[in-house]
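First the structure, in the form of structure tokens, and then the observations on it.
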Amino acid sequence: MTVTSTPVAPPFSTDFEAVRLAAAGREPEAVARRRQLAAARFAEVGYPTTKLEEWRFTNVAPLARTVFRRAAGTVPADAEALLAPHRIPGAIELVFVGGRLAPSLSRLAGVPDGVLLGSLAAQLAAGRSEVAQALGSRADVVDNPFVALNTALFEDGAVLVLPRAVALDPPVHLLFLGANEEGVPTAAFPRVLVLAGERSAATVVETYVGRPGDNYLTCAVTELVAGPAAAIDHYKVQREGLEAFHLATFALATGRDSRVSSHSISLGGALVRHDVRALLDGEGGEANLNGLYMVRGRQLADTHMRVDHAKPHCASHELYKGILNEKARAVFNGRIFVHPHAQKTDAKQTNRNLLLSKEALVNTNPQLEIFADDVRCTHGSTVGQLDADAVFYLRSRGIGEEAARSILTYAFASDIVERIRVESVRQALRESLLSWIPHGEVVRDAT
């Protein structure tokens, strides 16, 4: 007997053609070509497996087993209620549902003349050449299958173009809502592009939220290009439901004497991965990349980072902290790559992890590759539990053991939270931290 099998189509294969046809004639040819190449790349490699070094500790099988429907962007009836706790007072706010701009939920008042801020799809349809040229210039579709997936399937997103010497005062808040549609798991592919002109400045906050219990995929890509002497503060807060998947890439490039500061906070999601790529491509550029992940239950948070020093006199500093409880897992893989001409590089990368249970697990691997001889580079990582001596010291001051442990856990994480310059975001994260840590009410009562 001859047994035959039907070839299994790669995930999203029917969506590639549907999106391509829908975008035909509405986006520049360069974007259409990039979209097709990305679709071909994902069809070639598919979902990554743990046989690949970059994915050795992150098994995406739960995601691969789920059949997702491309999100239609339907605004749920309870959207305002879902978004209300996450809005930033005084911010210019663009809200996206299923990866598409929802104008009725957005607040665009206060955008100065000359600043381009709005729907990425609309700007591509309008033929904005600088947007089309920059889109995809930093995020690599070859090495990361989820960048390829996003590039092939994005239908909308946000674009911010700051002209020369413009400082945008109110923060720009990009608020992404993920949800099931008609009870079916959905997949959204939001895309963000920030182009900061010479001596421009802005604060950009990305927040990803979803309805608790909904099973959906957010596959996001953000690209940021900072021109000479530009200064950009970037924040990403991921607090989606515990059944959601979140796989995202943040790719940035700094110009001469520019400064980019980014903080990534990850609280939600069943399986979360952040890929961060930083290229210091102008002499005197600076990138400060910090992060905090707090996971419990069976959550998995994975951070993969590569920082390339390509020009002299650049500085990069990274501090990532993780708190894990119950059976949660985390991965941190960071690499600093100093190119041969990048003399006078100042680079430091640190990853610290606090385990609150014996079953929590972290795989951490900071790395340095240096091909210049006049540099100052350090890296390091720690994994451990609360310092018994510190607990004993607090107890000797009349503080109970549970309270002592809560105070020390809060202090460990607050080091990252207190660096956030947007007051309402910082306050909300303080509350989230106090609600998350065991016996956080003890710390709240004491402060």
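Given R₀ = 51 Å, FRET efficiency for Arg444-Asp346 by Cβ-Cβ distance, to 0.05? Let's see the in-between values first.
Values: r = 38 Å, r/R0 = 0.75.
Calculated value: 0.85.
Can you give me the % of accessible surface on the chain that is carbon or sulfur? Probe 1.4 Å, all protein chains present, nothing else counted. Intermediate values should be presented prior to the final figure.
Working: 9780 of 18790 Å².
C and S fraction of accessible area: 52 percent.
Got a number for the accessible area of Ser261? Probe 1.4 Å, square angstrom, nearest 10.
Ser261 has an accessible surface of roughly 10 Å² with all protein chains in place.
If you scale each eigenvalue of the Cα gyration tensor by 5 and take the root, what three semi-axes come out for the chain, rounded to whole angstrom and sorted largest first? Working shown, then result.
On the way: eigenvalues 215, 146, 115 Å².
Each semi-axis is √(5λ); the values are 33, 27, 24 Å.
Which residues in the range 398-415 place their backbone N less than 20 Å from a point set 7 Å from the Cα of Ala388 along the Cα-to-Cβ direction?
Zone members listed by number: 398-409.
What is the range 302-419's relative contact order, in percent, from Cα pairs under 8 angstrom and six or more apart in sequence? Intermediate results must be reported in sequence, preceding the final value.
On the way: 239 pairs, mean separation 29.2, N = 118.
Relative contact order, the range 302-419: 25 percent.
Among the lysines, which have Cα under 29 Å from the Cα of Lys348 when same-chain residues fewer than 8 positions away are ignored?
Lys236, Lys311, Lys321
Using a basic spin-label model with each label point 7 Å from the Cα along Cα→Cβ, how many nm lie between Val67 and Glu80?
3.7
Kindly provide the Kirkwood hydrodynamic radius of the range 347-447 in Å, to one decimal, from all pairs of distinct alpha carbon atoms. Let's see the in-between values first.
On the way: mean 1/r = 0.0629 Å⁻¹.
Answer for the range 347-447: a Kirkwood hydrodynamic radius of 15.9 Å.
For Glu369 and Ser129, what does the FRET efficiency come to when R0 = 30 Å and r is the distance between their Cβ atoms, rounded to the nearest 0.05? Provide the component values of the computation, followed by the final result.
Numbers: r = 36 Å, r/R0 = 1.21.
Using R0 = 30 Å, I get an efficiency of 0.25.
How do the peptides 294-306, 339-351 rank, highest first, by the average count of neighbouring beta carbon atoms within 10 Å per residue?
Details: 294-306: 21.0, 339-351: 18.2.
Highest to lowest by the protection proxy: 294-306, 339-351.
Using a simple spin-label model with points 7 Å from Cα along the Cα→Cβ vector, what separation in nm is obtained for Asp113 and Val142?
Label-label distance for Asp113 and Val142, simple model: 4.5 nm.
Over the alpha carbons of the range 191-292, what is the largest minus smallest coordinate on each principal axis, giving the biggest first in Å?
Principal-axis extents of the range 191-292 (Cα, largest first): 46, 21, 19 Å.
Let me know the longest stretch in the chain that avoids all GluC sites (Glu not before Pro) found in a DSSP loop with at most 14 other C-beta atoms within 10 Å.
Numbers: sites that count: Glu182, Glu326, Glu359, Glu418.
Value returned for the longest uninterrupted segment is 1-181.
Quick one: compute a quarter of the convex hull surface over the Cα atoms of the range 1-107 and quote it in nm².
Details: hull surface 48.9 nm².
Over all viewing directions, the range 1-107 projects a mean Cα-hull area of 12.2 nm².
Quick one: Cα centre-to-centre distance for the range 89-126 and the range 143-214, in angstrom?
The distance from the Cα centre of the range 89-126 to that of the range 143-214 comes to 10 Å.
Return the calculated 222 nm mean residue ellipticity for the chain, to the nearest 500 deg cm²/dmol, obtained by summing -39500 (n - 2.57) across DSSP H runs with n ≥ 4 and dividing by the residue count. Don't skip to the end; give the middle numbers.
Numbers: 11 runs with 105 residues, N = 447.
Value at 222 nm, helices only: -7000 deg cm²/dmol.
Once you have the Cα-Cα distance between Gln36 and Glu326, take 0.36 nm times their residue separation minus that, and quote the gain in nm to one decimal. Could you put the intermediate results ahead of the total?
Details: separation 290, 0.36 × 290 = 104.40 nm, distance 4.29 nm.
Computed gain between Gln36 and Glu326 is 100.1 nm.
I need two numbers for the range 71-183: Rg to one decimal and Dmax as a whole number, Cα atoms only, in Å.
15.3, 48
The values are calculated or read from the model by the stated rules, or taken from the named source; none is laboratory data. As the structure is a prediction and not an experimental result, all values here were calculated from the model. Neighbour counts are summed over all protein chains in view; Cβ atoms, including those assigned to glycine, are modelled from backbone coordinates with ideal geometry. Just so you know, the surface numbers come from the protein's heavy atoms only, side chains and all, with ligands and any DNA or RNA stripped out. Shrake-Rupley method; radii C 1.70, N 1.55, O 1.52, S 1.80 Å.
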